[in-house]
Amino acid sequence: MPFDKNVFVNCPFDQDHRRLLQPLLFTITYLGFKPRIALEEADSGSPRIEKLLRLIGESKYSIHNLSRLQAAEAGEYYRLNMPFELGLDVGCRNFGRPAMRLKRCLILESKPYRFQAAISDISNSDIAVHEGIPDLVSREVRNWLANQSSTPMPGPAAVWERFADFEITNRQNLRARGFSDHDIDKLPIAELIGLMEKWAASAPR
């Protein structure tokens, strides 16, 4: 996919967050864009920071989910990866080559205004709140991409219905190929995106 169709995805990768990540990736794919994510390739010999910089530089659009700004329990460190990658993206947009001035980003949070206590420098930015609800993630991503594109797009409810269709069909197909439910839940992200792309190519709009 070319620069103007790539969407860099910056989000938590833990299993608890996967229920939000899957509809996010599907919405991007179904609407004709290409999700770019650090997990799309596994190369232990490639430094992660180099991979991130390359993906950010190749993507006109970026989605940053800052839902993990707060530690869940006493003594736990909160994760800094997501705000760090947001900073890389903003820096690329402002200090990169001229084409980088075209970059656009969406910032997602699970709770309104919480980010102001953790990263006040982005106050007055448009933050989309998803409340930890998968279909709200899909809706916010769909609406943002629609605002960035002049191409008519299916409505949020239609996109969510297609995601449900994909989930059922994909699980049935993988079971027939010998995958257990646990295998499906742990499916590598690159493989999952490939299945989404294949399904979306023949799905109704």
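Things to note:
- Scoring 16-22, 146-152 by mean Cβ neighbours within 10 Å over their residues and listing the highest first yields 16-22, 146-152.
- Amide H within-cut-off set for Y61, under 5 Å, with H built and near neighbours excluded: N6, F8, R104
- Note on K60: lysines with a C-alpha under 21 Å away, same-chain residues under 8 apart excluded, are K5, K34, K51, K103.
- Relative packing of peptides 165-172, 154-161 - highest average C-beta neighbours within 10 Å first: 154-161, 165-172
We did not get these values from a lab; they are worked out from the coordinates using the rules stated. Every value quoted in this text rests on a predicted model; they were computed, and no experiment measured them. Positions of Cβ are backbone-derived with ideal geometry, glycine not excepted, and every protein chain shown enters the neighbour counts.
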